[in-house]
Every structure is written in C-alpha cells, then in structure tokens.
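Below is one structure, written out as structure tokens; comments come after it.
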Amino acid sequence: MKVLKELDEAKLVIVDLEVNLGKEVRSAPTLCAKYKGKIIPLNTAHDGRPILMREENSINNN
C-alpha cells in the first residue's frame, strides 16, 4: 500500500444513520466521512463491512 496524498478537506463524523432492512427500519451511530459537503458511510449498514470512500457511495444529507 502507498499513501498518495492526504485529503485536507475530508473529516470523520459520526451520524445517526437510518436504513431500511426489508420491512424493518433501523438506526445506529455510524462512522462516516464528510467530503465536499457529502456524507459517505465507511461501512455497510447491514453487516458492518468496510466500503470505499467514494462520492458514488454518498447519501443525501437532507
């Protein structure tokens, strides 16, 4: 592995994230990155596996 650069505009935040899992609605504190005004979860909601911090994985912050 190799660090290409440090992202100065990114910061870690903990959000209370609500997700629909089939017929259930669950919420829990979730570690996310805030980058360019977008919230990007850093793990999956259903089993906690890590996911890539990509803008395509961002969620609507409304």
- [ ] Could you please state how large a percent of the accessible area of the chain is carbon and sulfur, counting protein chains only and using a 1.4 Å probe?
- [x] 51
Task: Isotropic mean projected area of the C-alpha convex hull, the chain (nm²) - done: 5.1
TODO: With a 1.4 Å probe and every protein chain left in place, tell me how much accessible area VAL3 has, in Å² to the nearest 10.
DONE: 130
Open item on the list: Which order do you get for LEU12, LEU21 if you rank them by accessible area with a 1.4 Å probe, largest at the top?
Closed with: LEU12, LEU21
TODO: Considering only protein heavy atoms, with the full assembly of protein chains and a 1.4 angstrom probe, order LYS5, LYS34, LYS23 by accessible area, largest first.
DONE: LYS23, LYS5, LYS34
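The values are calculated or read from the model by the stated rules, or taken from the named source; none is laboratory data. Being a predicted model, the structure only gives us computed values, none of them experimental. Heavy atoms of the whole protein, side chains included, go into the accessibility calculation; ligands, DNA and RNA do not. Shrake-Rupley method; radii C 1.70, N 1.55, O 1.52, S 1.80 Å.
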